[in-house]
Amino acid sequence: MLYLLPKKLDILGDTTSLEVYIHGQTAQLSGIRAGDLLDLAFIDVETGAVAIITDTLVTEGEIGLPIALWQKYPISAYERVAVDVQGQAKSIKYIRKKILGSRLSYDEIREIMFDIAKYRLSPVEMTYFASASYSPGFDDQEMSFLTKAMAETGDTLSFKYKNKPVVDKHSIGGLPSKGITPVLVALVAAAGYIIPNTSTRAITSPAGTSDILETMMPVALTKEQIMKVVDETNGCLVWGGGLDLAPADDILIQIERPLHVESYDKFIVSITAKKIAAGVTHVLIDLPYGEGTKVSEKDVIVVSSAFERLMSEFGIKVFVYKRTSKGPDGNGIGAILESRDVLWILERDKRRPIGLENIALDMAAKLIELTGEKSYEVAFQELRNILETGKALEKFWQIAKAQGAITILKGDELVPGMYSCEIKAERVGKIESYDNHLIVSITRALGAPYVKKAGIYIQRQPGERVAVGDTIATFFAESKNRLELAKKVAIDNSNWFNITTI
């Protein structure tokens with residue numbers, strides 16, 4: 001066991017493993033090699049980390065810790081960190097067992113989730129486990145075990161003292177537009193319901209809900225901050241990865257991100273575990289299906305039934321909102337453009353995406369109906385009034401300010417990238433659909449999700465007629481190179497939108 005003095009390093013660090021820096025002389029004397037997994041002990045906290053050997057970033061007797069570690073754990077610059085070399089994690093043999101096709105027990109799955117949450121597995125080892133959700137996959141009992149273990153190996157929220165339903169909405173993702181959730185949360189919270197919404201960053205889309213929200217407000221809150229915000233406003237709009245709600249899931253999301261894929265088993269377990277940890281009692285699951293989405297039409301019933309079975313097992317009432325998709329819900333695609341859509345809806349701006357607004361109202365009414373307190377018709381009329389009178393806008397900024405927003409923005413203040421080009425119709429016809437997968441490819445070429453101002457603004461929605469020369473969409477980027485790259489991707493995939501001849 002070593003006791004080393006912590007040194008804060010101006011390094012962000014990896015998102016799938018914690019890396020710490022040991023001086024070469026210290027490592028040699030202690031038998032630590034580059035890439036070894038270490039156990040670290042701070043004040044009342046233990047975690048794993050990967051050893052990086054250096055002769056310049058730290059001196060002998062020091063351990064270099066990236067900023068993320070200082071933000072996550074109670075580290076004092078004056079208290080030494082206990083460091084020990086790990087043996088192979090016990091859960092490795094359970095991952096091997098699963099890959100070879102055997103079923104896992106709850107204790108075995110919990111051991112895997114614990115080791116992932118505590119960074120006691122390497123990214124490669126976690127990748128093997130993530131791949132097991134595709135092949136051989138998990139049966140119903142294993143999915144239940146995974147959900148329970150994922151929820152239990154982190155923090156949990158409880159709003160039982162409120163003595164009222166705790167509701168939420170969550171999309172399975174896949175559509176390149178995330179404006180529904182912020183509008184719905186503002187509506188439902190303004191109607192008096194508790195809605196502690198936690199969301200994710202982009203996995204398979206140009207921007208996750210958290211990516212668009214952080215253009216307007218802080219989203220990385222602690223458990224205590226979330227409880228305070230919900231007490232003050234009825235709701236919150238926070239990044240689930242900013243706290244320890246089902247932490248193993250957030251690490252696995254980072255593992256899957258480079259492939260832009262997520263299995264049915266994985267997202268069903270992931271969403272359910274997050275809702276259990278958040279103390280939710282009623283949830284609406286947005287399940288878009290069809291070409292260009294995560295779920296094919298033939299699998300809708302399977303996925304819907306899996307959500308209903310798993311949620312009910314943990315006492316959560318669920319409504320699965322099944323819908324076909326011919327393209328993005330809103331006009332904006334990319335963090336800034338999607339945020340602008342949200343504000344335009346709440347501000348009642350004539351440029352707002354009506355389709356997205358209608359879906360948000362419909363989902364919010366069905367969610368309230370799920371609680372049994374009001375009929376759909378009564379809820380819908382109440383919500384429409386909340387939107388038209390500006391109460392939803394007021395509630396949105398009340399939540400944002402409680403989360404730490406300093407400035408109340410107007411939609412027109414959210415300006416996309418400085419480089420742009422218009423995509424024109426080359427023939428007369430009607431916009432039939434947009435290919436969501438190809439839109440994601442183009443938007444990522446523009447720089448999304450990491451460049452907040454990058455994106456696509458859709459000028460013509462499915463069902464609208466176009467003439468030769470009409471603008472169908474506008475691309476935005478923060479560099480000429482990115483814009484040229486996106487134009488090339490669009491030319492190589494000219495079927496990213498479909499026009500039918502009238």
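Tabulated data
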quantity	calculated
Given (1) charged (D, E, K, R); (2) touching a residue at least 24 places away in the same chain (Cβ under 8 Å); (3) under 17 Å from residue 192 (Cβ atoms), number of the condition residue 340 does not satisfy	(3)
Answer residue from region 160-178, given it is hydrophobic (A, V, I, L, M, F, W, C) and at pLDDT below 90 and is farthest from residue 448 (Cα to Cα) among those	172
Selection count where residues are out of contact with any Lys or Arg (no Cβ under 8 Å at 6 or more places or on another chain), within 15 Å of residue 118 (Cα to Cα) and not in a loop (DSSP other than H, G, I, E, B), scope region 1-38	3
Residue check, residue 207 in a helix (DSSP H, G or I) and among the hydrophobic types (A, V, I, L, M, F, W, C)	no
Test: residue 29 is without any contact (Cβ under 8 Å) to a residue 24 or more places away in the chain, surrounded by fewer than 20 Cβ atoms within 10 Å (Cβ to Cβ) and more than 26 Å from the chain's Cα centre (by Cα)	yes
Filter result for the condition that a residue is within 15 Å of residue 272 (Cβ to Cβ), assigned by TED's automatic domain parsing to the domain that holds residue 279, within 21 Å of the chain's Cα centre (by Cα) and of a type in the set (S, T, N, Q), over 171, 133	171
Residue that is surrounded by the fewest Cβ atoms within 10 Å (Cβ to Cβ) [pool: residues in region 444-500 that are in a strand (DSSP E or B) and hydroxyl-bearing (Ser, Thr, Tyr)]	500
Test: residue in region 86-98 that is at pLDDT 85 or above, in contact with a strand residue (DSSP E or B) (Cβ under 6 Å, 6 or more places away or on another chain), under 22 Å from residue 26 (Cα atoms) and in a loop (DSSP other than H, G, I, E, B)	no
Complete set of residues in region 275-306 that are among the charged types (D, E, K, R) and under 22 Å from residue 369 (Cα atoms)	275, 286
Matching residues, region 242-274, being modelled with pLDDT under 70 and part of a helix (DSSP H, G or I)	242, 250, 253, 254, 255, 256, 257, 258, 259
Filter result for the condition that a residue is outside any helix (DSSP H, G or I), modelled with pLDDT of 85 or more and surrounded by 14 or more Cβ atoms within 10 Å (Cβ to Cβ), over 138, 129, 145, 114	138
Residue ranges of helices (runs of 4 or more DSSP H) in region 325-420 with at least 3 members surrounded by fewer than 22 Cβ atoms within 10 Å (Cβ to Cβ), in contact with a Phe, Trp or Tyr (Cβ under 7 Å, 6 or more places away or on another chain) and not assigned by TED's automatic domain parsing to the domain that holds residue 455	354-370
Residue among 12, 57 that is touching a residue at least 40 places away in the same chain (Cβ under 8 Å), touching a His at 6+ places or on another chain (Cβ under 9 Å) and farther than 23 Å from residue 111 by Cβ	57
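The values are calculated or read from the model by the stated rules, or taken from the named source; none is laboratory data. Just so it is clear, the structure is predicted and the values come from calculations on it, not from any experiment. Quick reminder, even Gly has a Cβ in these numbers, built from the backbone with ideal geometry, and neighbours come from all protein chains shown.
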